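Written below as structure tokens is the structure these notes are about.
Read the figures in this text as sums done on the coordinates, not as results from a lab. As the structure is a computational prediction, the values presented were derived from the model and not from experiment. Backbone-built Cβ (ideal geometry, glycine too); neighbour counts: all protein chains shown.
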Amino acid sequence: MKKFILITFFVVIGIWLIGLCLFAYTINHYPTDTSTHTQAIVVLTGGRNRISEAVKLLNQGLADKLFISGVEKNTSLKDISDFQDIPMPQKNISLEKKSTNTIENAIQTQAWLDKNHISSIRLVTSNYHLPRSIQEFQNQNAKLNIIPHPVFSEHVAKEWWTKTRSFCLIASEYNKFLYVWLMRRLNFQGL
């Protein structure tokens with residue numbers, strides 16, 4: 001019995017490690033689509049360079065609207081512009097201030113999408129955050145057309161296994177993704 005438990009433990013760890021490596025490869029090799037127009041750009045706050053990248057995409061005409069989800073309650077568009085040191089167009093940008101996590105981002109964004117009759121978005125967030133974000137957004141609306149747009153941080157090493165901080169971030173995000181992915185599959189099966 002001990003031998004069976006030990007073998008099972010190492011098999012599970014092996015499968016987890018293989019999955020982690022595939023996850024890390026995926027997040028570092030997203031194809032970047034810089035030509036497809038969507039009805040809106042949605043950016044999730046919380047990571048470096050996300051908002052400035054989303055504004056750049058808006059200014060390039062890849063969408064007509066920008067939705068910034070997860071903004072702190074007392075923050076204005078001018079505050080964001082000043083902090084990011086980027087000129088922001090004053091129209092077609094909406095700030096959402098209720099969300100405090102990815103699930104809430106997806107719920108609040110879907111309410112805004114429904115209100116504005118939007119069915120296609122460019123989702124801007126950190127590369128390591130994209131897989132889980134896509135799952136959460138699809139949990140809210142399986143028919144939503146999502147163009148993923150990764151933002152890469154200079155603080156997350158491409159060789160993530162060589163830096164403790166990067167390894168912990170990638171492993172943590174992988175575990176969160178696995179949880180969301182599994183819950184979605186279980187709900188889909190009606191369990």
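Remarks
- Segments 28-36, 134-142 sorted - mean Cβ within 10 Å per residue, highest first: 134-142, 28-36
- Percentage relative contact order, the chain, counting C-alpha pairs under 8 Å, at least six apart: 21
- Global geometry of the chain, whether rounded, prolate or oblate, following the gyration tensor of its Cα atoms and the 1.5 cut on a/c: prolate
- Tensor-based shape of segment 79-191 (alpha-carbon gyration tensor, a/c under 1.5 rounded, otherwise prolate or oblate): oblate
- Ellipticity estimate at 222 nm from DSSP helix runs (n ≥ 4, -39,500 (n - 2.57)) divided over the chain, nearest 500: -16500 deg cm²/dmol
- Of the peptides 77-85, 16-24, the ranking by mean beta-carbon count within 10 Å, highest at the top, reads 16-24, 77-85.
- Above-threshold pairs, the threshold being 22 Å between Cα atoms, out of Lys91/Lys115; Lys98/Lys143; Lys73/Lys158; Lys78/Lys143; Lys56/Lys115; Lys78/Lys98: Lys98/Lys143; Lys73/Lys158; Lys78/Lys143; Lys56/Lys115
- Fewest neighbouring Cβ atoms within 10 Å first, the residues Val42, Val71 line up as Val71, Val42.
- Segment 135-174: trypsin sites (Lys or Arg not before Pro) falling in loop per DSSP and having at most 13 other Cβ within 10 Å: Lys143, Lys158
- Distance from segment 80-123 to segment 125-158 (C-alpha centre basis), Å: 14
- As a proxy for reagent exposure, Arg132, Arg122 were ordered by neighbouring Cβ count within 10 angstrom, fewest first; the result is Arg132, Arg122.
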